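> Take this structure, written in structure tokens, and hold onto it; I'll ask about it next.
The values are calculated or read from the model by the stated rules, or taken from the named source; none is laboratory data. If you're wondering where the values come from, they're calculated on a predicted model, not measured in any experiment. So basically every Cβ, Gly included, is an ideal-geometry build from the backbone, and we count neighbours across all protein chains shown. Calculation scope for accessible area: heavy atoms of the full protein, side chains included, ligands and nucleic acids excluded. Shrake-Rupley method; radii C 1.70, N 1.55, O 1.52, S 1.80 Å.
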Amino acid sequence: MWVRIYAVLRKELKQLSRDKMTFGMVIMIPLVQLLLFGYAINTDARHIPVGVVNLSQSSESRALISDLEASQSIDFQQEYPNINSAQQAIVTGEVRAVLYLPSDFVSRLVQHPNYYSGQKIAPQVFTRPVGQWLVDGSDTVITSTIKALQNMPLQSVGNRTTEQAVASFAVVPFFNPEQRTVVNIVPGLVAVILTMTMILFTSTAIVREREQGNMEFLINTPIRSIELMVGKIIPYVLVGLIQVGIILGIGYWVFSVPLMGGLTSLLLAALLFIFASLTLGLVISTLAKTQLQAMQMTIFILLPSILLSGFMFPYEAMPNVAQWIAECLPATHFMRMIRAIVLRDAMLTELLKDSIWLVTFILCGLLIASLRFRKKLG
Amino acid sequence: MTQLAIEAKGLSKQFGQHIAVNQLDLSIPKGCIYGFLGPNGCGKSTSIRLLTGLLEASSGEVHILGESLKGNEENLKRRLGYMTQRFSLYDTLSVKENLQFVAAIYGFTGKRARQRIDELLALYDLTAQHKQHAGSMSGGQKQRLALACATLHSPELLFLDEPTSAVDPENRREFWERLFDLSASGTSILVSTHYMDEAERCHALAILEKGHKRADGSPQDLMAQLPASVIEVSGDALRPLKQQLTQHPSVLSAAQVGTYLRVLVKDNQAAPLEFMRQLCPQHQVAMTRPNLEDVFVVSTGGRHVG
Ligand SMILES: Nc1ncnc2c1ncn2[C@@H]1O[C@H](COP(=O)(O)OP(=O)(O)O)[C@@H](O)[C@H]1O
Ligand SMILES: [Mg+2]
């Protein structure tokens, strides 16, 4: 039994080391994804190009504009003479939003409660917004950035120094104090990349043998299906661990993502998830007839794993149905575990529920795969 | 102790509506080289897959080496060798690595494995290529490697599915020499082919057409018992003559071979030579010995030669 498993394993490693394409993917997928997500994806919007229609042309209006620009979230790039030309500019995509300051801006400003902080205003005084934002609402990130300006304090407009308003809440970030997205993304990326490569590699490795005719010979030898499957899986466990190392290593050295948790917990969690993904790949390989089908099925699993696992959007904010789907995906459980371990120094024992779930998944997957993988053709 | 290597009764395989193998009966004695002769798509590969247990039969019973195939597939796998129609070893592994892999799968370890591999490399003339990747080898070399892998565990019964289809005539002769060596050492062999000359080398053969077995027996018997006469017609204007002859119900087929027409006349004509003289008085006619192709044409009703 061990001789045969070892034979398959050695054969698989040799093939892998000679398959430049796959070997390159093992290294390149984590590298490219990491740099892509690490540098390019940033949910905090910065320097959104906006325009202004300033009908007031007062010193106060200019002060407000420079105040807004100081926040760095928007850049005033254009001034438009009237509201129509501003609307046109949004439609053509020249700017993403336009600030409209009416001609009675100054009189609105002095009546505005945010202008006189701390000072009571007679309730009967009718106050109106000082200006209006026209926003390209198709991108929600931009909309929410502009919305954040809704309640901007106006005391400093016109260089009047007044006491600062007291915030209702003080927010203390417990982890990730600098609030960098990349800190949350790098551990999540481990889950996404492992989902992609582990499922894809195992499913195609087995389907390829069937497609290229190797399986026809192999089925006629005394090898057992479980020996073949174990022998095929083990090399990819190593591949998976290498990828975890690459992602967390680069995360640590390039993006300064802290590694708070113990390496043992990390290793165990990673192994659990790698095995879960590999068994999923095995199940796919018993369903798919061609490598293309195997790839399509992998994407079918991969997309919800990216979108629903909590990698892109917080799990808690998703609708119930999406949460149920997410619960079925190994990636969701691993996402929770690895973020807890890497960012919050959790122990595996504190993540018992997710660990047990993954173990159950592995056992069921192996059972289904070996029941479906019959040593027959057709 | 039975003397039959393969015994099949009413073996059938249906793919959807299509019946690939239809009520196949076989009884193949041990120690012989048995051929499956038939055109592409006639069900040779499917029959072999059924006999090796690779495919599940729709109906029928198979005994291999005296044991019922059903339920014994795994035990029998150690006693069977199978060389697939398509090259089924690993292109990115070298000759030696492929052999090492197969050896380990069959439980050969250490010195025993090394000895057996060296033996096979020498026997199949692959020693010089042992480091070459299988994917970059010629058709003949690939075929020798495949045979080496299929016989590594010295099977009692060897299935070869169109082993020589990608091989030049020189290598084919060589290959058959190896098969006779294996046969002499006691291996029973079942080989499928669509070459007449190869089929003629078999001890016995079955002619398959559209999943049916049309005839079986030794090539000599099949030729001797041909229920038709073979007449060679020579002269001018053979093409129109051929058209005319094939219209006649007693003429099974007429095929041009060089400057002759090779005509098969049914046995219902008591004097076939006279019959032919009447049909084509302007031409020379002569009786000749039947060959395996004639057997094939007669047993498939002339549907494959025209
Ligand atoms: N897995 C399959 N599914 C459906 N039809 C098949 C399958 N395998 C073979 N066939 C059909 O069965 C017939 C016999 O095929 P095969 O045994 O490969 O012929 P041969 O080996 O004599 O060329 C063909 O018509 C082929 O299309
Ligand atoms: Mg075939």
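> Past the 29 Å Cα-Cα mark, which pairs from B:77/B:142; B:96/B:213; A:232/B:9?
Those over the limit are B:96/B:213; A:232/B:9.
> So what's the net charge close to residue A:266: Lys and Arg +1, Asp and Glu -1, counting the other residues with Cβ under 13 Å from its Cβ?
Residues close to residue A:266 contribute a combined charge of +1.
> Work out the mean other chain Cβ neighbour count within 10 Å for the residues of B:76-82 and drop it here as an integer.
For peptide B:76-82, the averaged partner shielding equals 3.
> A follow-up question, please. Can you give the relative contact order of the range A:48-147 as a percent, counting alpha carbon pairs under 8 Å and 6+ residues apart?
31 percent
> Name the residue, out of B:107, B:38, B:258, whose mean-square fluctuation peaks in a Gaussian network model built on chain B with Cα pairs under 10 Å.
Looking only at B:107, B:38, B:258, the largest GNM fluctuation is found for B:258.
> Same structure, new question: Across bins of 10 angstrom width beginning at 0, how are the C-alpha pair distances of the range B:149-288 distributed, in whole percent?
Bins of 10 Å from zero give 10, 30, 26, 20, 11, 3, 0 percent of pairs.
> If you find the alpha carbon centre of the range B:211-247 and of the range B:25-43, how far apart are they in angstrom?
Taking the Cα centre of each part, the range B:211-247 and the range B:25-43 sit 22 Å apart.
> Can you grab the distance from the C-alpha centre of the range A:52-66 to the C-alpha centre of the range A:212-263, Å, no decimals?
If you average the Cα positions of each part, the centres end up 60 Å apart.
> Around residue A:100, which amide H atoms from residues at least 5 apart in sequence, or from another chain, sit under 5 Å from its own amide H, with H modelled in the peptide plane?
A:53, A:132, A:133, A:134
> Give the ranking of A:140, B:193, B:109 by solvent-accessible surface, highest area first, calculated with a 1.4 Å probe.
Output order, biggest surface exposure first: A:140, B:109, B:193.
> Here's another thing I want to ask about it. So how many Å³ per residue does the convex hull of the Cα atoms of the range A:266-378 work out to? Please list the in-between numbers first.
Working: hull volume 12.6 nm³, N = 113.
Each residue corresponds to 112 Å³ of Cα convex hull volume.
> While we're looking at this one, here's another question. Please work out the Cα center distance from the range B:249-306 to the range A:299-344, rounded to the nearest Å.
Their Cα centres are 77 Å away from one another.
> With all protein chains present, calculate the accessible area of residue B:277 using a 1.4 Å probe and round the result to the nearest 10 Å².
110 Å²
> Work out how far the C-alpha atoms of chain A reach from end to end along every principal axis, then list the three figures in whole Å, largest first.
91, 44, 38
> Over the Cα atoms of the range A:1-93, what Rg and Dmax result, in angstrom?
28.1, 87
> Using the Kyte-Doolittle scale, which helices in chain A average at least 0.0 and also have C-alpha atoms spread 18 Å or more along the helix axis, with helices defined as whole DSSP H runs?
Span-like helices in chain A: A:20-35, A:181-211, A:225-253, A:263-287, A:291-307, A:330-344, A:352-372.
> Within 10 Å of each Cβ of B:86-92, how many other protein chain Cβ atoms are there on average? Spell out each step's value before the answer.
Working: counts 5, 4, 10, 5, 9, 4, 7.
That works out to 6 on average.
> Sorted by accessible area with a 1.4 angstrom probe, largest first, how do B:170, B:162, B:200 fall?
So the residues, ranked largest to smallest area, are B:170, B:200, B:162.
> Further question: Rounded to the nearest angstrom and ordered from largest down, what semi-axes does the equivalent ellipsoid of the protein assembly as shown get from its C-alpha gyration tensor (root of 5λ)? Could the numbers behind the result be given before it?
On the way: eigenvalues 1245, 215, 82 Å².
Each semi-axis is √(5λ); the values are 79, 33, 20 Å.
> Taking the range B:227-289 on its own, what percent of its Cα-Cα pair distances exceed 15 Å?
Working: 765 of 1953 pairs.
The proportion of pairs with Cα distances above 15 Å equals 39 percent.
> Same structure again: In a Debye calculation with equal point scatterers on the alpha-carbon sites of chain B and no solvent, what is log10 I(q)/I(0) at q = 0.08, 0.14 Å⁻¹?
For chain B, the Cα-only Debye profile gives -0.44, -1.04.
> Using per-residue counts of other Cβ atoms within 10 Å, averaged over each peptide, order B:282-291, B:123-132 from highest down.
Numbers: B:282-291: 14.0, B:123-132: 15.5.
Per-residue Cβ counts within 10 Å, averaged per peptide and sorted highest first, yield B:123-132, B:282-291.
> Of all DSSP beta bridges located in the range B:4-218, what percent are antiparallel, nearest 5?
Beta bridges within the range B:4-218, antiparallel portion: roughly 55 percent.
> Given bins 10 angstrom wide, list per bin the percent of all Cα-Cα distances in the range B:49-146, short to long.
For the range B:49-146, the binned pair fractions read 14, 38, 29, 17, 2 percent.
> Here is a follow-up. With all distinct Cα pairs included, what does the Kirkwood hydrodynamic radius of the range B:128-183 come out to in Å, to one decimal, could you say?
Working: mean 1/r = 0.0831 Å⁻¹.
In the range B:128-183 this quantity evaluates to 12.0 Å.
> Same structure again: When Lys and Arg each count +1 and Asp and Glu each count -1, what net charge do the other residues less than 10 Å away from residue B:9, Cβ to Cβ, add up to?
Taking every other residue near residue B:9 into account, the sum is -3.
> Below 8 Å between Cα atoms, with a sequence gap of 6+, how large is the relative contact order for chain A in percent?
Taking the mean separation of contacting Cα pairs over the length of chain A, I get 18 percent.
> Same structure, new question: Ignoring everything but the protein chains, give the 1.4 Å probe accessible area of residue B:108 in square angstrom, nearest 10.
Answer for residue B:108: close to 30 Å² accessible.
> How long are the semi-axes of the equivalent ellipsoid of the range A:48-147, defined as square roots of 5 times the Cα gyration tensor eigenvalues? Whole Å, largest first. Could you put the intermediate results ahead of the total?
Numbers: eigenvalues 129, 44, 32 Å².
Over the Cα atoms of the range A:48-147, the ellipsoid semi-axes are 25, 15, 13 Å.
> Roughly what % of DSSP beta bridges within chain A run antiparallel, to the nearest 5?
30 percent
> Take every DSSP beta bridge with both residues inside the protein assembly as shown and express the antiparallel ones as a percent of the total, to the nearest 5.
Given both bridge residues lie in the protein assembly as shown, the antiparallel proportion sits at roughly 60 percent.
> Could you please put A:357, A:324, B:176 in sequence from largest to smallest accessible area, using a 1.4 Å probe? Walk me through the intermediate numbers first.
On the way: A:357 75, A:324 165, B:176 5 Å².
Greatest to least solvent exposure: A:324, A:357, B:176.
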